[in-house]
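For reference, the structure discussed in these notes is given below.
The values are calculated or read from the model by the stated rules, or taken from the named source; none is laboratory data. Everything quoted here is computed from the prediction, not taken from an experiment. Quick reminder, even Gly has a Cβ in these numbers, built from the backbone with ideal geometry, and neighbours come from all protein chains shown.
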Amino acid sequence: MSHRKPEINFKYVFNYGYNPSYVNGAQGGFSPRGEMVINFFLERQALPDTITHEITSEGAIGRQTGCEPENLDSSLVRFIDTGVVMSYENARVFHAWLGDKLSELDQMHSARAAFEESQVAGQA
């Protein structure tokens, strides 16, 4: 007689528009209801709204003569494409899951470094 524990299978269903985004930062906090709000962003240099070039006597595009806005050198963009809202309990579970995944990655990096060191040590 089997004493197998009950099991459940989860099927993953993806939204038709599912498209993973690269992010390099997050901003957030708590909603008035105490839920965790996290907005993920891609931080990058700002792009101009318009640039102006002179036209050369040959009719080609010449040197740049203008840029709007003018203060692009002192501007960065944090483009927010997606965000998540989760309960405190789910945030704790997500935190533990993320910690586990980071530990796995640390172990892979250590194994790779050890392998690469052994390859270098084997060369004479």
Out of region 75-95, which residues are surrounded by 10 or more Cβ atoms within 10 Å (Cβ to Cβ), in a helix (DSSP H, G or I) and more than 19 Å from the chain's Cα centre (by Cα)? Tyr88, Asn90, Arg92, Val93
Could you say whether any residue in region 23-30 is over 23 Å from His95 (Cβ atoms) and β-branched (Val, Ile, Thr)? no
Restricting attention to region 5-64, which residues are closer than 16 Å to Thr82 by Cα, acidic (Asp, Glu) and touching a Ser or Thr at 6+ places or on another chain (Cβ under 7 Å)? none
Counting only strands (runs of 3 or more DSSP E) wholly inside region 11-74, the ones holding at least 2 residues that are in contact (Cβ under 8 Å) with a residue 24 or more places away in the chain and surrounded by 11 or more Cβ atoms within 10 Å (Cβ to Cβ) are 25-30, 36-45
Kindly indicate whether any position in region 106-118 is under 26 Å from Phe41 (Cβ atoms), in contact with a strand residue (DSSP E or B) (Cβ under 7 Å, 6 or more places away or on another chain), modelled with pLDDT of 95 or more and surrounded by 10 or more Cβ atoms within 10 Å (Cβ to Cβ). no
